[in-house]
Amino acid sequence: MVHRPKSKLISWAQVKNLNVMIDQKIILSNININLNFGENILILGPNGSGKSTFLKLLNRSIYPLIERGSSFKLFNKENINIWDLRKDIGFLFKDMENRVNKGVKLKDLIISGFTGTFNERYSKLISKDDMKNVESLIIQLDIQNIVDKEFHSLSDGQKRRGMLARALVYRPKLLVLDEPFCNLDIKSNSILNKTLLKLIDKSLNIIYITHSLESILPLTNRVLLIKGGKIINDGTPEELINSEVLSELYNISIKVIKQGSYWRSIV
């Protein structure tokens, strides 16, 4: 495993000797890692390796096994209020779109980031300042012309930008994204990529999963490789995004090419 000096970095997540079991099966084992402010982190690994489970630890939708010698801290706390957590971390998971009820308009979906409920009635209860922030996000993400449309009538790219706006309503310090580029066409992928880069430029830190090397954000500065429920490597993009390392990760011959600030893969 590649080890990087992190003595000058401040951790927002501290994981020690952590195991996660779901349906009597160990999904993550012996996880030891710190996640730090100032890092934009990419997670790579085969399907079923535990990548999404690792991210779900961060939004507290799943919990690790409680064992002697293990600990899991967010913002230096082992116990954290879920609403306080949402103010510090914005979450965008690929399965969220499927949980939106039919008939919900995009604007109400964005506002539900405050309430947790997809209901127009609750949208009318938020403060004027919060509504100003919503309006600002709508402009920032260029979705003004679709905010009054039903969410499920939108394209995948439009849905994803709406979900991103929802994740940003509290102006979080961090953004956690589970396969944000999944099912996007070339144009939508490019729009989302540029949008995320602008957010990083505004000091938002991002941790994300992608299966497409072409979608790796140029400002990514740390890569975690997960396989078989374990973090098998931790390093920089220069160290880990190459033919040899990724061929071993995926058990298939992969040729990795870097063009400018972006990567491509040829199998």
Residue among F151, F181 that alone is crowded, with 20+ Cβ neighbours inside 10 Å, over 24 Å from L213 (Cα atoms) and at pLDDT 95 or above: F151
For region 190-204, name all the residues that are closer than 20 Å to N34 by Cβ and either small (G, A, S) or buried (at least 21 other Cβ atoms within 10 Å of the Cβ) (or both). S203
Of the conditions (1) assigned to a helix (DSSP H, G or I); (2) touching a Ser or Thr at 6+ places or on another chain (Cβ under 9 Å); (3) aliphatic (A, V, I, L, M), I191 clears all except one; give me its number. (2)
Which condition does N30 not pass, out of (1) part of a loop (DSSP other than H, G, I, E, B); (2) surrounded by 12 or more Cβ atoms within 10 Å (Cβ to Cβ), if it passes all the others? (1)
Can you name every residue in region 148-190 that is among the acidic types (D, E) and closer than 19 Å to Y262 by Cβ? E179, D185
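Counting only residues that are in contact with a Lys or Arg (Cβ under 7 Å, 6 or more places away or on another chain) and of a type in the set (A, V, I, L, M, F, W, C), which one in region 98-117 is nearest to V169 (Cα to Cα)?
Ranking the candidates gives I110 first.
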Which residue, of S247, S212, is surrounded by 14 or more Cβ atoms within 10 Å (Cβ to Cβ), modelled with pLDDT under 95 and under 25 Å from P46 (Cβ atoms)? S212
Residues in region 218-230: is at least one β-branched (V, I, T) and part of a helix (DSSP H, G or I)? no
Can you say whether L137 is modelled with pLDDT of 95 or more, closer than 24 Å to S52 by Cα and not basic (K, R), as far as the supplied structure shows? no
Could you check Q24 against (1) surrounded by fewer than 15 Cβ atoms within 10 Å (Cβ to Cβ); (2) within 18 Å of G229 (Cα to Cα); (3) under 18 Å from the mean Cα position of the chain (by Cα) and say which number it fails? (3)
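The values are calculated or read from the model by the stated rules, or taken from the named source; none is laboratory data. Keep in mind it's a predicted model, so treat the numbers as computed, not measured. Reconstructed Cβ throughout: ideal geometry from the backbone, glycine too, with neighbour counts over all protein chains shown.
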